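Please treat every number below as a calculation from the coordinates, not as lab data. These figures come from a predicted structure and were not determined experimentally. So basically every Cβ, Gly included, is an ideal-geometry build from the backbone, and we count neighbours across all protein chains shown.
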Amino acid sequence: MNATTDHAITDSLSRQGLDERYAPVIELWTLRILFSLDQLERRLRDRMAEADDSKPPSDAEGTPDADAALDRLLAEMKALRDRHEAASPGLPQDTTLAVNIARLGDRLDLSAVERELLHFVVLQRLCSELTEALKEAGELNRTQTVRLLSICLSRAPAEIQQALAPQSRLCGCALLSIDDVRPYSFELKIDLLNDLAETLLVAQDDLIELFPNAVTKAPASPLGLDDFAHLREDLAILSTYLEAAARQGRRGINILIHGRSGTGKTELARVLAQATGLQPLEIPVRQPDGKPQGGKARFDAFRFAQNLLNGATPTALIFDEVEDVFVHWSSDRHGRQSNSSGVKGWVNHVLEHNPVPTFWLTNDLQGLDLAYRRRFDYVLELEVPPQPVRRRMLERHLQAHALPLSPAWIEQVSRHEGLAPGLIERAARVCATVAGAEPGGMAPEQILTRLMNNTLQAMEIARLPSGTAARDAAYRIDWLQADTDLQALRDGLVREGGGRLCFWGPPGTGKTEFGRYLAREVGRPLLVRRASDLLSPYVGVAEQQMAQMFDQARREGAVLLLDEADSFLMDRRGAQRSWEITQVNEMLTQLEDFDGIFIASTNLIDQIDRAALRRFDVCIRFGPLKPDQARGMLQNLAEHWGWPVDEASLARVAALEALTPGDFASVRRGGRLSAPRDVPDLVRRLAQICEMRQGHSPRGIGFLGPLERGSQPRQEMLS
């Protein structure tokens, strides 16, 4: 510890890009700190001994030379302090730092003491000599910190105490805060808003641009409310609410949007802000250098931004990944459990009084305590958009990147329910970058398919349907063997717009494909769910997923097709466990309340609960093909390879037992791998499928037995 010199401090200021006019006041602060220390003479003597390498400290202590040197040093320091006190150097007012603090103080309504404190802490962060002097004070509690600052700034302790109170403007805006957990050295005791010291050294006319770690301007969204037509009712309420709140200057406007990653939460928040005349601004997840910002730093940035933007141009804040922020409040800086009730009360107060409307976005709603969830004015779950919206998004992104893809590919890919907006946008951007070079000889469709599949696989979501799975055969309902007039059923659904149907019969008889046909005919998307999509090893989860399935169908206006429906509509008289009964009860309750088109498909009609059967408007039995249907499908299959069909082949296919439309689809797919030689070879392959099925399933499926080949369709009365 030596007497500081103006030269040393000037060098330090120069290295940090600070104006040299700060040197006198910093030197005065440093001397005030040193003379406030207990046993200053003892400290100086020890430091002088450490600097004298020729003698150990014990030898130097108490010697005439050491005492004389100490007296001279103290005299020099006192004389220097007295000269500075007499000159009374103040903080310069026209430096970049001073101008920025003045502008910030005016915007945030900081008092003179608060501005001086902010100036002091910023300079401490930037000047090593001042930092070293403060370290000599050791670890400080709040009272000691206030006393030290009152000495440095020559202010009354009450003024400092008031400026550092949690409810002060300085701390309430999150510019400064004191850690009261336990004593710390000064630089750890007082927290400064992230990178604020360096930020305030930059000349910037726009205050928002001055604080990139706290708030950034959101890019303009190319979308509009029409791009979220599936949320029309929610957006109508939200738009009206935000416009009214802005006009009335209401506080505590908070909208929570949750849903899995990539569903367009950020884009929706930007669109809503723009549509209601608010400038969208965002709390950054990362610093400008790419480093992540922690939960506390981001919440402090939010508090600061709320105060900075209060009274400015109408704006809305977008706060993404909030689950990481709220988890922070469960523990202190050392990982210890915090006073949760006090912290929750403080956070809730912040949420109830924020002056700037805020969109809070999260991928994981479970990360938010129920006490916080109740504080939001509107909670909106954003799921993957319905198929028509996905198709429009695909078309828009492909057009924007000049990627010519076939309508058939777009239609097929858009049916995938995992195709979130973010995935579509990123895949189109990457494809546009590399498609011109045709890497590996791949066409844009192949590149996009691979990009999307890789992402879907990483997200543990099913891949896109392969190109070979496309339904390239002409669909004809007269090739279905059913006991109901299917054309009349189709007309009735188009006319009424709702109905509960049960399709039953052996596998491959066309139940699921007829459901797809009906969805196309009524002009609605198809939502397909299987038992494996809903079942869970955890009690109660299957019931929740059933409810979500029906809710999704309602939102999307979709035809809901439940395959393997017997898993959830089983006869309760044979139930072995209580949860089997609750699953059936939940399914029946949801079915009763659903006014759209619901199709249950099953191979095991005899296992369906009788009460469930009474819930259906129509039960349709699908069976094997009649001879004339089998002949027609063979001719269609042969045309695929350009072959005429001989009479012998027609006769043989008509004689095959239990032939189904699915068998023809199987032969068509197999022909891509092993090309058939001729029409008789096609018939042989069909015969092999029938023989294998008969060998493993000698009995009829269902308690009513199979439809007899060649018989007239009949409607079974199931009640």
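Observations on the model:
- Annotation: amide H-H contacts under 5 Å for Ile597 (H modelled 1.01 Å from N, sequence separation of 5 or more, or interchain): Gly499, Leu560.
- Each of Lys217, Lys511 was scored by other Cβ atoms within 10 Å of its Cβ. Listed from fewest to most, they are Lys217, Lys511.
- Theoretical ellipticity at 222 nm over the chain - DSSP helices of four or more residues, -39500 (n - 2.57) apiece, nearest 500: -15500 deg cm²/dmol
- For the chain: rounded, prolate or oblate by the Cα gyration tensor [a/c cutoff 1.5]: prolate
- The phi-based Karplus calculation (6.51 cos²θ - 1.76 cosθ + 1.60; θ = phi - 60°) puts the 3J(HN,Hα) values of the stretch 512-529 at 5, 5, 5, x, 4, 4, 4, 4, 5, 5, 8, x, 10, x, 10, 10, 9, 10 Hz, whole numbers, x for Gly and Pro.
- With the simple model of a label 7 Å out from the Cα in the direction of the Cβ, Glu438 to Asp180 spans 7.2 nm.
- The chain: antiparallel DSSP beta bridges as a percent of all, rounded to 5: 25 percent
- The antiparallel fraction among DSSP beta bridges confined to the stretch 477-621 stands at about 5%.
- Prolate/oblate/rounded label for the stretch 128-168 (Cα gyration tensor, a/c 1.5): prolate
- Taking 0.36 nm per residue of separation and subtracting the current Cα-Cα distance, fully stretching the chain between Leu188 and Asp593 would add 139.8 nm.
- Axis of helix 578-593 versus longest Cα principal axis of the chain: the two differ by about 80°, to the nearest ten degrees.
- Residues whose amide H falls under 5 Å from that of Glu381, counting only those 5 or more places apart or on a different chain, are His258, with hydrogens built in the peptide plane.
- Between Gln548 and Arg610, the FRET efficiency estimated from the beta carbon spacing at R0 = 25 angstrom works out to 0.40.
- For the stretch 481-497, 3J(HN,Hα) per residue [Karplus equation, 6.51 cos²θ - 1.76 cosθ + 1.60, θ = phi - 60°, Hz, x = Gly/Pro]: 9, 9, 8, 9, 6, 5, 5, 5, 4, 4, 5, x, 5, 4, 6, 8, x
- Difference of contour (0.36 nm per residue) and Cα-Cα distance, Ala312 to Glu243: 23.2 nm
- Cα gyration tensor, the stretch 627-694 - rounded (a/c under 1.5), prolate or oblate: oblate
- Distance violations [Cα-Cα > 19 Å] among Lys78/Lys189; Lys189/Lys296; Lys135/Lys296; Lys189/Lys291; Lys511/Lys626: Lys78/Lys189; Lys135/Lys296; Lys189/Lys291
- Note that the stretch 245-256 has calculated 3J(HN,Hα) couplings of 5, 5, 5, 8, x, 6, 9, x, 8, 9, 10, 9 Hz, one per residue in order, obtained from phi through the Karplus relation 6.51 cos²θ - 1.76 cosθ + 1.60 (θ = phi - 60°); glycine and proline are x.
- Unmatched cysteines, the chain - criterion: no other Cβ of a Cys under 4.7 angstrom: Cys127, Cys152, Cys171, Cys173, Cys431, Cys690
- In degrees, nearest ten, helix 421-434 long axis to first principal axis of the chain (Cα): 90 degrees
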